[in-house]
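Readers should treat all values here as calculations from the given coordinates under stated rules, not as data from a laboratory. Quick caveat, the model's predicted, so the values are computed rather than measured. Here the Cβ positions follow ideal geometry from the backbone for every residue, glycine too, while neighbour counts run over all protein chains shown.
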Amino acid sequence: MTRRIALLLALALALLEAATAHADIRIKAGKSASIDVPNATAAYSLDPDVAGVSFARPEITIVAYREGVARVAIITPAGLETLDVVVTPRESLSLLSTRSRSALNLESRYDSWSERFDQRVSFSTSRDGRQTRAEIRHSAVSNAGSTDQYIPWATWRFQTPSYTLTLLDAWVSESVLTMDRRLVRGVHLDAAGFRAHAGYSFYSLLGQTFLPKDERERVIGLSYDARLTDRSTVTPHLYRFDGEAGAADRSGTIGSLEYKYDRGSELTLAAEAAVSRLDETGELETGFALRSDYRTDRDQARLDFRYRPAELAGLRREVSGSFGDASWRHVILHSLDATANVTFQDFSISGYEQTSTSSGLTFAYRPNSRWGFGSGGRYALLQPGSGPEIEQFEIPFTISYRRPSAGGAAEYRYIENSHSNEGGHLVRFSGYGRMAGARATLWAERETNAPTLAVIFREQPGLALLLAELGIIVASPFELSRVLRENPALAELGFIEGVTFNLSPVSYRAGGTLAWMERGASSFRLTTNYRRDEGISRTREAGVAFVSFSHHLGASLDLETGYSRSFTRSGADDWSSAGGWHLGIRKRFDDSGGNGLSLFRRRGEISGYVFLDEESTGRFQPGMTVLPGIEVVLDDEQRVRTDARGFFEFRRVPEGVHKVQAIYLSDKPFKFTTPSPAQTEIGETVNFGIASIAGRLFGVIESDQKIAIDGVTVSIDGAGVSKNVVVRGGRYSIDVPRPGAYLVSVERASVPSGYSLLGIEPKEVTIADGQPSEANFVIPAIRSIGGTVERGGAGSTRTALSGAVVRLEEDGRSMTTDAEGRYLFRDVAPGRYTVVAEHGAMANRRSIAVPKGPAAMRSIDLLVDEGLLTAASRPAKGRRRADSVAPSRREIVRQVAADDAPGSGSMPAKKTRAESGDLFAVQLGVYRQETNALRAVETAARESLTASIDRQRSLHRVVTAPFASRAEADAAAKRLRRAGLETTVIAAPASLIASAPAVSQTSRTDEVIAAKQDIAPSLQAPNGGSVASNSETTSAGIIVSPAVTAEKPAPSRIAPEKEPVRSESPATPAASHAMQKAPTASAQKSEAAPAVAQRNDFPAASHAAPTRARRPEPIRMLQSGSHRNVSSAAATVKIAESQGLQAVIRNSGTFFEVLIGPFASDQAVGVAQRELEKRGIRTLFVIESSSPFAERVATVAGLVRP
Amino acid sequence: MREGLAAVLLTGSLAFVSAEARPAVDPVAHPSSIIRTPSVSIEPAVVELDAGAGTSFLREISVRNGTPFELQFNVVVEDVLVHGGKRLFRPAGESRGSIAATVVVDPAALVLQPGQSGRVSVLITIPHETAIRAVAIFFRSRTNDASARGPAISLNIGALVTLRLSGKPDLFSGPVLLREEGSRISLVQTLTNRGSELLIAKGTFALVGEGGELHTLVHLPPTRLLPGETTNLEAESPRALPPGRYRAISTFASDERLVVREASMQLGEPK
């Protein structure tokens, strides 16, 4: 029953483990490891900079490069699995943290079981590439009432880049035949390829440390590495051993030559031959050794052979004899491989000789990465120096299941041992699992044996004697069993029950480990082992359990404790149990903090100030505002606060590098102007500068079509702060130093022409400390479609058609032409339109495209006649067909330019930068003095280029544009540079391409004309007559483009009688004046210099007629809109006058408009506008310029006062 | 982060817009100005900070003028935000919790002769409350062709400073999309950082055949994803593949998390 329970328990634990777990591989940097995954088809590293992977089915070789964790992906038919590879750092000389320059470790440990007390002291220091390490261990062991004292390990090691010197204890591993991992107490030097050792080696070791006794051997020797090639090395060794005389004394001298060859992971080879002379015999003796490792994709072969006769000089503890081990593994099929191995040992130890030979052949089949099956056979022959030979034969069968997190294996093994049994069975289960920080392994096995008669009689000597007395001869254990069951005499003697069941002795073994580790803090481990042997005559049990726990008490103190207990039982009354505990404490001192090691170091002060650094200079100067009460921390441990002077100080700080950090807490955003934390050393001053962060107001200025508008001035006012900024790229951004409520407004005078000023109301924003606020403005572009409807046909005179119905098909609006055949649609959205004119049975239509920018398309004329009942268009001389499909960008510009020819009265589409596409301009400089700007214009004119002046506040930018290509602009720039101008080729700004719309077109006229007239003489002699033939007026000046030469408006375009009603508005003086008053002048001058002549047609030019440009003074006015009757307009005037404002009515023919003003400032306009709006009057802000208000009013036709 | 063209943030390109470019410095008199390939480099191009709120960090960024012309750089710092999965560069102070507004750059402008290197120190303070995890340090230069000292050059080169505070990244990868490109297979996958912290995803694309043999393995360079940021990663088998069925396996690791996606497709006609 007990057996079954144990077996079931073992199975349950194995299954439980299989549910979890992950098996890591740990490799040191620079090393490699291999694992077999039989069904893997490919493998690669997911972190190739940490570890590389090569795959040769079924072996995966992992080469570790640097410290870290690398995941290895393994592809199998079932999918992808990963394996974590932990690459640990290379071995370091430093015992402790490499960050510390010096460290001291103290460790004490007591074990109650062995009554042993160990102490260990180690010290390390490094400086300037030199490292020193010292360690000493002391053990005190109680022994029968007395205490033995040992110094089992003491060493001092000094290492520089060029040599290493070790005093006292060191492990020496030179070669297989000379010194192969032996502990030597003495002097050790490693320099320039030489390695020298001189000292003593002891017979006795405690663990891996000395148990100093008198029995010691002297060792002195020298080795030298001579590199032959990059892959091969020859090393001669010469050693002398002197031991105590005795049976095992092997004092003498040995010299050997070792050859090493390394071809990476494919082949390594080491061969050594030695010659030795023993002092005792004086004879020469030879020995040799060979080691090789060979790997290919399908094969792995390993050979290790040593011949070391007992007459070879060496340490007494060296094992003499011959040893050979060879194995070969071959991949037969995709997931099937075979491994053969042969081992031979012939040891010759004083008083003990034994020869053993074993060979085996196993097969492994792994259909996938999880399952594995194996079988084979093994034969071994043991030939002791005395006694019979022992043969053993095994046939194993294994099955395993493996996952990174869990796995298990089951094994059955049939064993025959000629010495102890005639057939046995072993069954073993094992499993592992891992989850989070916990890991568990369990195993259990059961072994049954059919013992030989020799074993039975050895166990039961009385039985052998009884059988002899009874004359019973048995030849096998089975025969003995039958005899015992059938012979009543033996039954009476009680052998039946005692022997029959025990003819097949049974052994149970089980064990397991449960470990848990919390990273960097605590770990726990429980290990158990149990064994039960049911022998022929008795049952023995033994078990041991060991539990340990370690914990970090702070950064430099570790504690480890544990308890173990074991028991043995042999029979019902033979029970014994013992237990013991151990306790270990380790304390680490280093120079990084204020622990004990720092007591011996120099000390000093670290001090400084915390100050307000609004200028962000990062430098503290007397007189600056200081910040008291600020916490400053040294090395995350010591804390002080600044005093009233903003001063802090740490005293008695040990020398070394320290971290100092100012902890500044504030509800308001701030920034350091110096590093915090800062690295510093004693005696240095660390100041911390802190500055507040200003709030930020920003926004975009764009049209109703999301087109950025440049050049607009945005101002903020409030909280004692008044600032303004010019919009660039459609964006503005202003630092606001103080929180508060601000009024953000767009300066109306700065709004480019072609945009409506309606709706640009100041906005109130509240700006918090250091926080962003956004205020965007949308300025709608003004677009209109207008023209004349005429009647006529081929050969007949064209006459204006009054009363014709004009429709915008897409818009749905319609209107009737006035007495002069004119029509006008305002507030037109961008897009394609079809303008249809109908009069009775006559009709005509035109298709036009209204751009996104400002556009006053006033020349959409239609001719209707009886013969024109379908869509047609009137080809205008010098003008492109307007009913074409949507024009390209450049076509739009050209058409706009043509439509906007002086006197045409049409308002061209504003060309935005986004629309300008590949148009270019040449900037001729930016001047403070207007005279200089004019001089640049004249210079450009001499080069047959016409330039304009873009006035931006106090600056005058001179630009010539547009150019259709970069090459044209570059060529122009080159010419102008030769003429002495500084030029820059730029993308043609929208403001330089756009034309002036109705509202503010007038505002710049005088300036433009003035500048134009200055350069007129030059323009009248253009190069080839192809330059400066067309122009457009913008708020920025004049653009003359040779590209539009052929698109001059026809003379009829400037006939005033053909302009629409709206053209009489004073808001469009450039157009209206040209229409009304300039035909004569135009006709006169157009013959000689068309462009100038047309420009001179403007009436403004006639009364300005300056020889020098006159700086315009903007006159701010409000326009109340259009009234159908004069009484309505008069009512508006009354309301305006009730507010103390001047107002006049202008008769535009069809409508009456009210002009209110003038105003001295934008603010005054805003106030008046708000007051009027409160009274139901919506107004439009109108900028007039260049002449006093009265003069402007006097020029407006039809002005009446109510 | 070695010296080289900082492709990470090269938002502008070196453009010579004049055919009349001539060296500003005589190469014979100034051997250092003999430069075969005009370039401007910045180092480091990426700075990673494990930061804590209320602390400041001082870093130095150097820029080298590898052109034969004198260049004047203005240093501009902008916040890097993520909107709609894409990075946006916002001027300092125009975003809540702006880190760029805290940056102190010294000096704020550099004039570098041909072949000369310059260096600016950048002091960054981490605000106590911010969702921003990166700022860009731009070096902007625009020469004036009117100076007659060389061609007009406009460039905009930057270093990315990323921060790791206390939040958590959350890597999400979309399905692997396979496309037949003649006898090659291209792979496309979308990565998104759904967490609140910067993550650096390291990944591979593997293409295996019917027998599980590895045909193509592409180690993708580490991908930095700001919170909310999305990126598309693409790879293509470097050589022609025989017709057959292929399995694509993508693996992306961020911190301790590994995301594996698989897809398969038939290349050419099935046998």
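Inter-chain Cβ neighbour count for A:766-778, averaged per residue, equals 2 (cutoff 10 Å, partner chain atoms only).
Report, in listed order, any pair from A:K31/B:K168; B:K86/B:K168; A:K706/A:K763 with a Cα-Cα distance greater than 26 Å.
Values: A:K31/B:K168 34 Å; B:K86/B:K168 19 Å; A:K706/A:K763 19 Å.
Over 26 Å apart, Cα to Cα: A:K31/B:K168.
At a temperature of 25 °C and a viscosity of 0.890 mPa s, determine how fast segment A:363-488 diffuses translationally according to Stokes-Einstein, using the Kirkwood radius over alpha-carbon pairs as Rh; express D in µm²/s, rounded to the nearest whole number. List each step's numbers first, then the result.
Numbers: Rh = 18.0 Å.
Rounded to a whole number, D works out at 136 µm²/s.
For every other residue with a beta carbon closer than 13 angstrom to the beta carbon of A:P739, add +1 if it is Lys or Arg and -1 if Asp or Glu, then tell me the sum.
Values: positive: A:K668, A:R696, A:R738; negative: A:D667, A:D735, A:D769.
With Lys, Arg at +1 and Asp, Glu at -1, the net is 0.
Applying both filters, DSSP loop and at most 11 other Cβ atoms within 10 Å, to the trypsin sites (Lys or Arg not before Pro) of segment A:678-734 gives A:K706. Counting only other chain Cβ atoms within 10 Å of each residue's Cβ, the peptide A:670-682 averages 5.
Taking the inverse of the mean reciprocal distance over all distinct Cα pairs, the Kirkwood hydrodynamic radius of segment A:111-203 comes to 15.2 Å. Counting Cβ atoms of other protein chains within 10 Å of each Cβ in B:94-103 and taking the mean gives 5. Shown here for segment A:621-707: GluC sites (Glu not before Pro) in loop regions (DSSP other than H, G, I, E, B) with at most 15 other Cβ atoms within 10 Å, namely A:E637, A:E655, A:E681, A:E684. The residues A:Y294, A:Y163, when put in order of fewest to most other Cβ atoms within 10 Å, stand as A:Y163, A:Y294.
Expressed in nm to one decimal, what extension gain is obtained for the pair A:R813 and A:A191 from 0.36 nm per residue of sequence separation less their Cα-Cα distance?
Numbers: separation 622, 0.36 × 622 = 223.92 nm, distance 10.16 nm.
Separation in residues times 0.36 nm, less the Cα-Cα distance, equals 213.8 nm.
Note on segment A:531-690: dipole from Cβ charges, positive end direction compared against A:G623, A:F589, A:V544; the farthest Cα belongs to A:V544. With a/c under 1.5 counting as rounded, go ahead and sort segment B:124-271 into rounded, prolate or oblate using the C-alpha gyration tensor (a ≥ b ≥ c being the square roots of the eigenvalues; past the cut-off, prolate if a/b is larger than b/c, else oblate). Oblate is the answer for segment B:124-271, as a/c is 1.5 or above yet b/c matches or exceeds a/b.
Across the options A:P404, A:F393, A:W371, the greatest Cα extent toward the positive end of the charge dipole of segment A:366-437 (unit charges at beta carbon of Lys, Arg, Asp, Glu) belongs to A:P404. Of the trypsin sites (Lys or Arg not before Pro) found in segment A:608-655, those that fall in a DSSP loop while having at most 13 other beta-carbon atoms within 10 Å are A:R619, A:R645.
For the residues A:F363, A:F305, what sequence is obtained by ranking on other C-beta atoms within 10 Å, fewest first?
Details: A:F363 14, A:F305 17.
So the residues, fewest neighbours to most, are A:F363, A:F305.
So what does the Cα-only Debye profile of segment A:667-810 read at q = 0.13, 0.14, 0.18, 0.19 Å⁻¹, as log10 I(q)/I(0), no solvent term? Those come out to -0.73, -0.78, -1.00, -1.06, one per q.
Which distance in Å, rounded to a whole number, links the C-alpha centroids of segment A:33-78 and segment A:252-287? With segment A:33-78 and segment A:252-287 each reduced to a Cα centre, they are spaced 37 Å. Cα centroids of segment A:837-866 and segment A:158-179: 103 Å apart. Using bins of 5 Å that start at zero, the share of Cα-Cα pairs per bin across segment A:616-710 amounts to 3, 11, 18, 20, 14, 8, 5, 4, 4, 4, 4, 3, 1, 0, in whole %. The Cα center of segment B:222-264 and the Cα center of segment A:413-439 differ in position by 43 Å.
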